[in-house]
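Novice: Quick one: this structure, given as structure tokens, is what I'll be asking you about.
The values are calculated or read from the model by the stated rules, or taken from the named source; none is laboratory data. Model, not experiment: these values are computed from the prediction. Note that each Cβ is placed from the backbone with ideal geometry, even for glycine, and that neighbours are counted across all protein chains shown. Each accessible area value is taken on the protein alone, full model and side chains, heavy atoms only, with ligands, DNA and RNA left out. Shrake-Rupley method; radii C 1.70, N 1.55, O 1.52, S 1.80 Å.
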Amino acid sequence: MNGRESDPLFSVKNMRLLKEPLGRSNPITVQVLGICSALAVTVKLEPSIVLALSVVVVMGVSNVLTSLIRNMVPGRIRIIVQLVIIASMVTLVDQFLKAFAYDVSRQLSVFVGLIITNCIIMGRLEAFALANKPWESLLDGVGNAAGYGLILVIVGFFRELLGSGTLFDYPVIEMTGLYSIGYENNGMMILPPMALITVGIIIWVQRSRDKSLIEEN
Amino acid sequence: MNFLRKQLDRVKPHFEKGGKLSRFHSVFDGFETFLFVPDKVTQRGSHIRDHIDLKRSMFTVVVALIPALLFGAYNIGLQHYLAFGPEETGLDGSVTSLFIFGIIKVLPMLVVSYGVGLGIEFFTAQIRGHEINEGYLVTGMLIPLTLPIDIPLWMLGLAVAFAVIIGKEVFGGTGMNILNPALTARAFLFFSYPSWMSGDLVYVHGLVDNPDVVDGFSGATSLALAAAHDISSLPSASDMIIGTIPGVVAETSVIAIGIGALILLVTGVGNWKIMFSMIAGGYLMGLLMNLLAVNAFMELPAYYHLIMGGFMFGAVFMATDPVTAAQTETGKWIYGLLIGILTVLIRVLNPAFPGGVMLAILLMNVFAPLIDHYVVEAGIKRRVKRAAA
């Protein structure tokens, strides 16, 4: 315990908190959490990125706040306290988006509000922030949110490129001239099932590169 | 035949363990068992090994598909001729000329389907060290036969790749898939490129590029007409049974599909319970619709549902897929019956999806394991009760 207290801010161990969720313990592809919003908002790249950033903010701050008050909160009411923290953060982010990025906020509609129910956030508060100090909690929260956001952005990239032929609403496919030789956008990429299949393919690729992730059965 | 056998025996040692080409032994195995009945015997225990292996039973299905394919080729020529007339098409309207025209249009689809699909199968078999499975022999034939003739070939290739990789290989290959791969490919195209898969133009060759046709010709399928409540322009029942109507490549002719069904039933490759119960389910649901009869589609005679669209093709070649259908005998009755009921339900009540057969079969593919589970459970319960008594 003593050794950990004297850890420098950017020690190897702390950095691992930040990096692991991007790969080996990714919330979406390994823990299979937060799938719902990953399907709903990834039709286009821009909302995917905005939602990813919102989750990074919400999760980073709630993790720190929870960690700060971890010794004061009675165990019985900890869930409700966590929910209050998350909900306040989400409301802040929601209002912020409405004020400064109204179009995107309309596209995301209810899904900003639904960050509250994102099981990754609650999961990290319970599993990490309640038992660790603020700095580590911040790294863990940002790392997990970034891991979630990374998948969102990858899925959003492929769905917008293949489904609508654009990136950030910029007509990429049209520029390459593929339409004139008979290429057409894939309408199924816009439908939710393809988001699920895209996530599945990412999981497949990740597991074939890192064999230790494959469960024995 | 002896010559072939000798050639095979000559190169065989190279492919066996330790040989310089042993990495490709599954390719060799695939070809050897394709040409000759395998002489393998089980190593231990007593097993009965049927000489009708997977390859032979699959081949029977391919043979059963041929009448529908040949008629489909003729019908493509015929519909093109009817739509554009003799001057525009340069055809003289004889059966041979129409057939040759059609077969030239269908062959590229078959080549692309088999090329892409078998390519992926061979490739994955090498990676995984599996034997090459012959399930694709049928799938590769079924996919082009259930598509409109003018579908761009790259879309077909993409759909085949999707169906083989996502529909089959990720589950573990032939025999492990949940959904019928041929219908997976079709569903993929249906939702990805709807403008090529539905509408009044896609079913007749040349209509998409050039919608000006001879007066009085409509490229709409009978299902589309019925869904639009345009009952008076439906083709006659005899035309639907013979199959000289617009539709996807091989679904139109009830007679040609019937010959295929006969081949499957006589050889025992296709399951009669599924075919029969699906037809019964469709007919019963058609009767129920007649009872309600709030619109023109519902008033249609119940037997029309059996001869319109892909119902027969689905019943004979798709629903009976031994991998994705229910495995228990009682389960097969339930499975077929529900497909028939759902098909008519989707057709009549959901005008957005005229092709109800595809969705009904895919849905029941998903439920087949559940049906089997309850059939088995019921069997166990019955026996426990009997043992207790």
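Novice: Just to be sure before I move on: is B:Val202 away from chain A (no Cβ under 14 Å) and at pLDDT below 90 in the structure I sent? Quick ask: steps written out before the conclusion?
Specialist: On the way: away from chain A (no Cβ under 14 Å): no; at pLDDT below 90: yes.
It is false that B:Val202 is away from chain A (no Cβ under 14 Å) and at pLDDT below 90.
Novice: On to the next question. With the requirement that a residue be surrounded by fewer than 18 Cβ atoms within 10 Å (Cβ to Cβ), part of a helix (DSSP H, G or I) and modelled with pLDDT under 90, what does region B:63-92 give you?
Specialist: Listed by number, the residues that qualify are B:Gly85, B:Pro86, B:Glu87, B:Glu88.
Novice: Then there is this: Look through A:Val153, A:Val199 and report the one residue that is within 14 Å of chain B (Cβ to nearest Cβ) and touching a residue at least 40 places away in the same chain (Cβ under 8 Å). Spell out how you get there, then give the answer.
Specialist: Numbers: A:Val153 fails: within 14 Å of chain B (Cβ to nearest Cβ).
Criteria check complete, one pass: A:Val199.
Novice: Among (1) part of a loop (DSSP other than H, G, I, E, B); (2) touching a Pro at 6+ places or on another chain (Cβ under 9 Å), there is one condition A:Arg124 misses while meeting the rest; what is its number?
Specialist: So the condition that A:Arg124 fails would be (1).
Novice: Another question about this same structure. Taking the options A:Glu184, A:Glu216, name whichever one is surrounded by fewer than 17 Cβ atoms within 10 Å (Cβ to Cβ), more than 20 Å from the chain's Cα centre (by Cα) and within 23 Å of B:Thr184 (Cβ to Cβ).
Specialist: Values: A:Glu216 fails: within 23 Å of B:Thr184 (Cβ to Cβ).
Exactly one of A:Glu184, A:Glu216 is surrounded by fewer than 17 Cβ atoms within 10 Å (Cβ to Cβ), more than 20 Å from the chain's Cα centre (by Cα) and within 23 Å of B:Thr184 (Cβ to Cβ), namely A:Glu184.
Novice: Run down B:Phe353, B:Phe311, B:Phe367 and say which single residue is buried (at least 21 other Cβ atoms within 10 Å of the Cβ) and of a type in the set (Phe, Trp, Tyr). So that I can check it myself, show each step before the final result.
Specialist: On the way: B:Phe353 fails: buried (at least 21 other Cβ atoms within 10 Å of the Cβ); B:Phe367 fails: buried (at least 21 other Cβ atoms within 10 Å of the Cβ).
Answer to the selection: B:Phe311.
Novice: What number of residues within region B:177-199 are surrounded by fewer than 19 Cβ atoms within 10 Å (Cβ to Cβ), more than 11 Å from every other protein chain (Cβ to nearest Cβ) and free of Cβ contacts under 8 Å to residues at least 60 places away in the same chain?
Specialist: Result for region B:177-199: 1.
Novice: Can you tell me which of (1) more than 30 Å from A:Pro171 (Cα to Cα); (2) surrounded by 16 or more Cβ atoms within 10 Å (Cβ to Cβ); (3) within 17 Å of the chain's Cα centre (by Cα) is the one A:Leu130 doesn't meet?
Specialist: Only one criterion in (1) more than 30 Å from A:Pro171 (Cα to Cα); (2) surrounded by 16 or more Cβ atoms within 10 Å (Cβ to Cβ); (3) within 17 Å of the chain's Cα centre (by Cα) is unmet by A:Leu130, namely (3).
Novice: Could you say whether any residue in region B:219-237 is farther than 30 Å from B:Val366 by Cα, open to solvent by 30 Å² or more (accessible area, probe 1.4 Å), within 23 Å of the chain's Cα centre (by Cα) and more than 14 Å from every other protein chain (Cβ to nearest Cβ)?
Specialist: no
Novice: Could I ask something else about it? Can you tell me which residue within region A:93-107, out of those that are more than 18 Å from the chain's Cα centre (by Cα) and in a helix (DSSP H, G or I), is nearest to A:Glu46 (Cα to Cα)?
Specialist: Going through region A:93-107, the residues more than 18 Å from the chain's Cα centre (by Cα) turn out to be A:95-96, A:98-103, A:106.
Next, from what is left, pick out any that are in a helix (DSSP H, G or I): A:95-96, A:98-100, A:102-103, A:106.
On the way: A:Gln95: 18, A:Phe96: 16, A:Lys98: 15, A:Ala99: 17, A:Phe100: 14, A:Tyr102: 13, A:Asp103: 11, A:Arg106: 12 Å.
Top of the filtered list is A:Asp103.
Novice: Please work out which one of (1) within 18 Å of B:Val357 (Cβ to Cβ); (2) within 14 Å of chain A (Cβ to nearest Cβ) is the condition B:Ile165 fails and give its number.
Specialist: (1)
Novice: Can you tell me which condition B:Lys105 does not meet? The list is (1) more than 14 Å from every other protein chain (Cβ to nearest Cβ); (2) free of Cβ contacts under 8 Å to residues at least 24 places away in the same chain; (3) within 21 Å of B:Val202 (Cβ to Cβ); (4) more than 18 Å from the chain's Cα centre (by Cα), and all the others hold.
Specialist: Every listed condition holds for B:Lys105 apart from (2).
Novice: Going residue by residue through region A:167-181, is there one that turns out to be out of contact with any strand residue (DSSP E or B) (no Cβ under 8 Å at 6 or more places or on another chain), open to solvent by 70 Å² or more (accessible area, probe 1.4 Å) and within 11 Å of chain B (Cβ to nearest Cβ)? Walk me through how you get there before you give the answer.
Specialist: If we filter region A:167-181 for residues that are out of contact with any strand residue (DSSP E or B) (no Cβ under 8 Å at 6 or more places or on another chain), which is where we start, we get A:167-181.
Checking the rest, the ones that are also open to solvent by 70 Å² or more (accessible area, probe 1.4 Å) come to A:168-170, A:174-176, A:179-181.
In the following step, the residues that additionally are within 11 Å of chain B (Cβ to nearest Cβ) were identified as A:181.
Among the residues of region A:167-181, at least one is out of contact with any strand residue (DSSP E or B) (no Cβ under 8 Å at 6 or more places or on another chain), open to solvent by 70 Å² or more (accessible area, probe 1.4 Å) and within 11 Å of chain B (Cβ to nearest Cβ), which makes the answer yes.
Novice: Are there any pairs with C-beta distances below 6 angstrom linking a residue in region B:146-171 that is assigned by TED's automatic domain parsing to the domain that holds B:Tyr74 and polar (S, T, N, Q) to a residue that is part of a helix (DSSP H, G or I) and crowded, with 19+ Cβ neighbours inside 10 Å, with the two at least 6 apart or on different chains, and if so which?
Specialist: B:Thr146/B:Arg186
Novice: All but one of (1) at pLDDT 90 or above; (2) outside any helix (DSSP H, G or I); (3) among the polar types (S, T, N, Q) hold for A:Gln31; state the number of the condition that does not hold.
Specialist: Every condition holds for A:Gln31 apart from (1).
Novice: Under 7 Å by Cβ, and 6 or more places apart or on different chains, what pairs join a residue from region B:261-274 that is under 12 Å from B:Asp321 (Cα atoms) and open to solvent by less than 60 Å² (accessible area, probe 1.4 Å) with one that is assigned to a helix (DSSP H, G or I) and among the aromatic types (Phe, Trp, Tyr)?
Specialist: Between residues of region B:261-274 that are under 12 Å from B:Asp321 (Cα atoms) and open to solvent by less than 60 Å² (accessible area, probe 1.4 Å) and residues that are assigned to a helix (DSSP H, G or I) and among the aromatic types (Phe, Trp, Tyr), the close pairs are B:Ile274/B:Tyr335.
Novice: Can you name every residue in region B:160-171 that is in a loop (DSSP other than H, G, I, E, B) and open to solvent by less than 30 Å² (accessible area, probe 1.4 Å)? Step through it out loud before you land on a result.
Specialist: Filtering region B:160-171 for residues in a loop (DSSP other than H, G, I, E, B) gives B:166-168.
Of everything in region B:160-171, those that are in a loop (DSSP other than H, G, I, E, B) and open to solvent by less than 30 Å² (accessible area, probe 1.4 Å) turn out to be B:Gly167, B:Lys168.
Novice: Which of (1) without any contact (Cβ under 8 Å) to a residue 60 or more places away in the chain; (2) not in a loop (DSSP other than H, G, I, E, B) is the odd one out, the single condition A:Ser54 does not satisfy?
Specialist: (1)
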